Amino acid sequence: NFQHLLLRQEEGVVVITMNRPEVLNAFNDAMLQELTEAVEEAAKSDDVRCLVLTGAGRAFGSGQDLSAFASAQHNAEAQPVSEHLKKYHRLLSLIREMPKPVIAAIRGVAAGISCNVALSCDLRIAADNARFIEAFARIGLVPDGGGGYFLPRLIGLGKALEMAMLTDEVSGPEAERIGLVNKCVPLAEFETETMALAKRLAQGPTRTYGLIKQLMYQSLDCDLPSALELEGRLQDAAKATADHREGVNAFLQKRRPHYSGK
Ligand code: T3D
């Protein structure tokens, strides 16, 4: 039972909705902690084969709750912000490392660290009213929550610097054009399209998706010989899955595969 999250599960998909709509789902400590717990549970559960992260009301999220942030700043015993950021880092690592797909579904604004939590997910679907804002420099901060890592890798260094320095809003259609999101859809179709994508992934070869995440994310940061060595190891693992055998059998029998996620 969560105070600041809504959870629902349907056909192997768990939808986690950040639920502080009165502040556009800004992160306070409690919501961050609950989200980390919910993501950790979803990562462990065999019944969950795809996770969707979204926001209640008119926004995905407005970043760190600035009222909580301001009061902490005025506390003489406040810990350094780098200590506080470790709590976000745990969430980001869980999302990247969980061996199943994670989708960020963005309607309305995604600002500051909420934007970067969305960027840490494997796929992003946006409504056409989405607004992505790397708001940090507006209040004299550098992009945190992995922004300096995810942004240039997704959209290239030039665009990353532009978003971080100018802090201008990027719309949903523009986000799709520059590769910040995979797909932008009309607001009226947003929920249907999100669930269709999530259910499609939940019916896929889950273990292989986990291996694909490992291959892509580790290859980004290593040289070609290491990437090819990694590819060999991961393909050995994929070859040993029940879903690989099912995929080949289904092809030979000219039928649709039924993947168990194993
Ligand atoms: O502590 C650490 O670990 C450091 C980490 C920092 C990471 C960060 O995320 S820094 C960036 C923090 N976020 C921002 O700077 C964004 C602040 N919000 C805005 O600039 C605007 O609200 C938006 C551009 C996101 C949306 O604008 P708009 O016009 O659509 O909505 P609004 O009217 O500004 O907001 C609606 C309400 O939400 C409003 O409250 P009210 O007036 O109705 O009572 C507003 O104050 C509240 N709200 C929006 N964002 C936040 C917030 N309240 C607290 N914290 C927020 N981040």
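Computed from the coordinates by the stated procedures, all read-outs in this text should not be read as laboratory data. Since we're looking at a predicted model, the values are computed, not measured. Ideal geometry is used to build each Cβ from the backbone, glycine not excepted, and the neighbour counts take in all protein chains shown.
On the basis of being of a type in the set (A, V, I, L, M, F, W, C) and closer than 21 Å to residue 127 by Cα, does residue 66 make the cut? Spelling it out, it is not the case that residue 66 is of a type in the set (A, V, I, L, M, F, W, C) and closer than 21 Å to residue 127 by Cα.
Where helices (runs of 4 or more DSSP H) fall wholly inside the stretch 142-226, the ranges with 2 or more residues that are small (Gly, Ala, Ser) and buried (at least 19 other Cβ atoms within 10 Å of the Cβ) are 172-178, 190-202. Among residues that are surrounded by 13 or more Cβ atoms within 10 Å (Cβ to Cβ) and closer than 26 Å to residue 261 by Cβ, residue 40 is included. Looking across the stretch 227-262, the residues that are in a helix (DSSP H, G or I) and under 24 Å from the mean Cα position of the chain (by Cα) come down to 227, 230, 231, 234, 238.
Kindly provide the set of residues from the stretch 87-136 that are touching a Pro at 6+ places or on another chain (Cβ under 8 Å) and either more than 13 Å from residue 217 (Cβ to Cβ) or among the aromatic types (Phe, Trp, Tyr) (or both), ordered by number. 116, 123, 127, 128, 134, 136, listed by residue number.
The rows are residues; the columns are (1) touching a strand residue (DSSP E or B) at 6+ places or on another chain (Cβ under 7 Å); (2) near the ligand (Cβ under 8 Å from one of its atoms); (3) part of a helix (DSSP H, G or I); (4) within 22 Å of residue 180 (Cβ to Cβ).
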{"site": "17", "(1), (2), (3), (4)": "yes, no, no, yes"}
{"site": "31", "(1), (2), (3), (4)": "yes, no, yes, no"}
{"site": "53", "(1), (2), (3), (4)": "yes, no, no, yes"}
{"site": "69", "(1), (2), (3), (4)": "no, yes, yes, no"}
{"site": "78", "(1), (2), (3), (4)": "no, no, no, no"}
{"site": "93", "(1), (2), (3), (4)": "no, no, yes, yes"}
{"site": "110", "(1), (2), (3), (4)": "yes, no, no, yes"}
{"site": "118", "(1), (2), (3), (4)": "yes, no, yes, yes"}
{"site": "124", "(1), (2), (3), (4)": "yes, no, no, yes"}
